[in-house]
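One structure is given below, encoded as structure tokens.
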Amino acid sequence: MKAGRRKRGGKSGIFFTTVIFCFLIVYYSQVNYISKIDIQKLSSIVTTVAHGGKRKGKELATLRCDNYDYYTDQKDADDMVYWYNIPQDESYINPFLKKNKEKGIEQFLLFQQDNAGFNNRRMSIETIITMGLSMGRTIVLPPSQPFYMFWENGAKNDFSFEDFFHLHYAHIENAGVNIITMEEFLQRVISEKLIVNDAGEPIFPPGNRTDWNGLKEYGPELQNLKDWIEQNAYSVVGWDSNNCMTYWPKTTMENADLLRIKRLATETQGVKIDTIKPIPVNASIEARFVSQIAQRQELCLYDEHMQSSNFLYFKMDYDVKKGNRFLSPFYTFNFYEDWREALWMKRFVRDHLRYHDELMCAAARVVGAIRKRVRARGFVDGKFNTMHVRRGDFAKQFKHALITPEEMNKIAEKYIEKNSTIFIATDEKNRTYFDILTQHYDICFLDDFANEVKGINKNLFGIIDQITVSRGELFIGTALSTLSAYANRLRGYYSTRDELGGLKSYYFSRHHRNLMLNYLHIQGPLWAYEFSTSWTDIDHDVLI
């Protein structure tokens, strides 16, 4: 009977297999996945599908905490995972990198760190890395340096972005991603003679020095390196992600593309979008363009001068006449003509530009301890709520975003069930500020779980706070805080994973209170929020 079944299904099976095979070849070609298709691998996929099997287009990744000194329950670790393994994404190569490979050349993007607080720097590095990938360039990370507001006595305070994110693995796991350190770059400058003068003679870094780590951003020593880079690279000026938007065409940027893009920008000025419904991820170029450019009037275009320069340098400056500033979420700045490339980039950031496992494991222990505390209080589901109360320098910058203890308590009573547990992330050192909440709630802070964060640099506790508040059943954040904003993006990732259909997120500020309850379109101020497009339907084109 088994043989008979195979025989009866033979011709139709062959036909079905052929159809699938052709479909996948066309699909891979359309989305620019590596030009040399692995036919053997593709055949195995087709065979699996034709015989009723399933090949997962994505699967939830695994967080292993065994390599760290403190025990983490695997269930708690599993609860923290929002990122995926997606085989089709690993081989993606964008048009500019594909062109460079065909020419046999390598181009580099160098940049200066933003000098603001951590979450502003995180936002900036996401934008710069995604911009560099879109250019098809090898991204050179700046040397490690002290971070603003990382002032814990006795704790390391000079960091590279590799200390926070899995940049090394992002480089290894993706064919179209090249990220190296400044030290690696300068070693190559010396050994491979990457930079030469008009006479063809090699140009080396100051004093042939390759290690510039740990120096102050505005110190004279590091300035020597900056001056050398500016002298030997094409220095870009005037790119401000809050005032302009990039545009990446389906192919590389030729003069005809520049004219077409500028014409689109002119023709869509003043066009309004429906701010109630989401824009489909595969909507027309015009609809997606209008929804993304928001209040901006200008485009920052990767012109022929930049394309022909092997070394691009982006200096950071609050005055964009002297430098550049990338203080907005990456997906608001980079516009892609090919919607598939836009989704790939959003997935790349979700799945690879994420916090180190050690930080995620520490947060998993904290979240697990909070749930245990809740269950000990008689709530078997272990659910808790969270707040982020920003004070500190906000008293000078955004007085209108500050709240009194009475206002905080009033808002809590409106949205959070009494007698529930609230975890609070805050920079407020005076804990009596929160006494009013103890009348009706069980409140706790990261300090209450010191055993769970042993071995973690205290300057990184804000990151642990941020991850922890993202796991609350309901979250109330501080408007205009980039910590609260990114916590909401994490909550968006978790909401998608768990198919919750939306966020239970609020802001203390009355003006911003309900912004996150519905689909939030891109709007100004861009730096202040994370928008729903960053997590909504971003796996739309992943093979099932």
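5 Å is the cut-off here: which amide hydrogens, built 1.01 Å from N in the peptide plane, fall below it relative to Met245, excluding neighbours closer than 5 in sequence?
Glu298, Leu299, Cys300
Kirkwood hydrodynamic radius, computed over distinct alpha-carbon pairs, for the stretch 274-394: how many Å, to one decimal?
That comes to 19.5 Å for the stretch 274-394.
Over the heavy atoms of Phe531, what accessible area does a 1.4 Å probe trace out, to the nearest 10 Å²?
0
So for the stretch 115-173, Kirkwood radius off the Cα pairs, Stokes-Einstein at 25 °C and 0.890 mPa s: how many µm² s⁻¹? Spell out each step's value before the answer.
Details: Rh = 12.7 Å.
The estimated diffusion coefficient comes to 194 µm²/s.
Can you pull the Rg over Rh of the stretch 375-501, Cα-only, Kirkwood?
Here Rg/Rh amounts to 0.95.
For the stretch 180-261, compute Rg over Rh where Rg is the Cα radius of gyration and Rh is the Kirkwood radius from the inverse mean 1/r over Cα pairs. Don't skip to the answer; put the middle values down first.
Numbers: Rg = 17.2 Å, Rh = 15.8 Å.
Answer for the stretch 180-261: 1.09.
Output ³J(HN,Hα) for the stretch 150-155: one whole-Hz value per residue in order, computed from phi by the Karplus curve 6.51 cos²θ - 1.76 cosθ + 1.60 with θ = phi - 60°, and x for Gly and Pro.
Whole-Hz 3J(HN,Hα) from phi for the stretch 150-155: 9, 10, 5, 4, x, 9.
What accessible area, in Å² to the nearest ten, does a 1.4 Å probe give for Ile105?
Surface open to solvent at Ile105 totals about 70 Å².
Ranked highest first by the average count of other Cβ atoms within 10 Å around their residues, in what order do 294-303, 484-493, 276-285 fall?
The densest-packed peptide leads the list: 484-493, 294-303, 276-285.
Whenever you get a sec, line up Thr404, Thr266, Thr533 from highest to lowest accessible area (probe 1.4 Å, protein heavy atoms).
Thr266, Thr404, Thr533
Would you compute the Debye intensity of the stretch 428-544 from its alpha-carbon atoms alone, equal scatterers and no solvent, and pass along log10 I(q)/I(0) at q = 0.21, 0.22 Å⁻¹ to two decimals?
Taken in order of the listed q values, log10 I(q)/I(0) reads -1.26, -1.32.
Rounded, prolate or oblate for the stretch 391-449? Axes are the square roots of the Cα gyration tensor eigenvalues, ordered a ≥ b ≥ c, and the cut-off for rounded is a/c under 1.5.
Oblate is the answer for the stretch 391-449, as a/c is 1.5 or above yet b/c matches or exceeds a/b.
Can you compute the equivalent ellipsoid semi-axes for the stretch 57-96, i.e. the square root of 5 times each eigenvalue of the Cα gyration tensor, sorted largest first and rounded to whole Å? Could you put the intermediate results ahead of the total?
Values: eigenvalues 173, 28, 9 Å².
The three semi-axes for the stretch 57-96 are 29, 12, 7 Å.
Sorted from largest down, give the three principal axis spans of the alpha carbons of the stretch 209-322, whole angstrom values.
Cα extents, longest axis first: 53, 32, 25 Å.
Which stretch or stretches of the stretch 304-326 have amide N atoms under 19 Å from the point lying 7 Å from Glu254's Cα along the Cα→Cβ direction?
Only 304-309 pass the distance filter.
Taking just the alpha-carbon atoms of the stretch 499-544, what radius of gyration and Dmax come out, in angstrom?
Calculated on Cα positions, Rg and Dmax stand at 12.7, 42 Å.
Enumerate the calculated ³J(HN,Hα) couplings along the stretch 299-312 in order (Karplus 6.51 cos²θ - 1.76 cosθ + 1.60, θ = phi - 60°), each rounded to whole Hz, writing x wherever the residue is Gly or Pro.
Ordered by residue, 3J(HN,Hα) equals 10, 9, 10, 7, 7, 5, 5, 5, 4, 7, 8, 6, 10, 9 Hz.
Compute, for Asp66, the solvent-accessible surface of its heavy atoms (probe 1.4 Å) with the complete set of protein chains present, and express it in square angstrom to the nearest 10.
Looks like 110 Å² after rounding.
Taking 29 Å as the cut-off for C-alpha to C-alpha distance, list the pairs among Lys99/Lys321; Lys101/Lys322; Lys272/Lys383; Lys399/Lys429; Lys156/Lys226; Lys99/Lys262 that go past it. Mind dumping the intermediate values first?
Details: Lys99/Lys321 31 Å; Lys101/Lys322 33 Å; Lys272/Lys383 41 Å; Lys399/Lys429 18 Å; Lys156/Lys226 24 Å; Lys99/Lys262 23 Å.
From Lys99/Lys321; Lys101/Lys322; Lys272/Lys383; Lys399/Lys429; Lys156/Lys226; Lys99/Lys262, over 29 Å: Lys99/Lys321; Lys101/Lys322; Lys272/Lys383.
Using the heavy atoms of the protein chains alone and a 1.4 angstrom probe, what is the accessible area of the chain per residue in square angstrom?
47
Sequence-distant or interchain residues sharing an amide H contact under 5 Å with Phe159, placed H: which?
Amide H to amide H, under 5 Å and 5 or more residues apart or across chains, Phe159 pairs with Gln145, Phe147.
Can you compute the equivalent ellipsoid semi-axes for the stretch 112-241, i.e. the square root of 5 times each eigenvalue of the Cα gyration tensor, sorted largest first and rounded to whole Å?
The equivalent ellipsoid of the stretch 112-241 has semi-axes of 24, 19, 15 Å.
Apply the Karplus parameterisation 6.51 cos²θ - 1.76 cosθ + 1.60, with θ equal to phi minus 60°, to every residue of the stretch 192-201 and state each ³J(HN,Hα) to the nearest whole Hz, in sequence, with x for glycine and proline.
9, 6, 5, 10, 10, 8, 4, 8, x, 8
Rounded to the nearest 500, what is the 222 nm mean residue ellipticity of the chain from helices alone, with -39500 (n - 2.57) per DSSP H run of 4+ residues and division by all residues?
For the chain, the value works out to -11500 deg cm²/dmol.
If you line up the Cα atoms of the chain on their principal axes, what length do they span on each, largest first, in Å?
Principal axes ranked by extent give 80, 67, 54 Å for the Cα atoms.
Find the Cα radius of gyration of the stretch 56-142, compare it with 2.2 N^0.38 Å by division, and give the number to two decimals.
Dividing the Cα Rg of the stretch 56-142 by 2.2 N^0.38 Å gives 1.48.
At a 1.4 Å probe, what is the % contribution of carbon and sulfur to the accessible area of the chain?
The C+S portion of the solvent-accessible surface of the chain is 51 percent.
Could you rank Lys75, Lys193 by how accessible they are, 1.4 Å probe, largest area first?
Final ranking, largest accessible area leading: Lys75, Lys193.
Could you sort His305, His356 by their accessible area in this structure, using a 1.4 Å probe and putting the largest first?
The residues order as His305, His356, largest area first.
Quick check on the chain: of the DSSP beta bridges with both residues there, what percent are antiparallel, nearest 5%?
The antiparallel proportion sits near 20 percent.
The values are calculated or read from the model by the stated rules, or taken from the named source; none is laboratory data. Here the structure is a predicted model, which is why all the values come from computation and not from measurement. Every residue, glycine among them, receives a Cβ derived from its backbone with ideal geometry; neighbour counts consider all protein chains shown. Areas reflect the complete protein model, heavy atoms only, side chains present, ligands, DNA and RNA absent. Shrake-Rupley method; radii C 1.70, N 1.55, O 1.52, S 1.80 Å.
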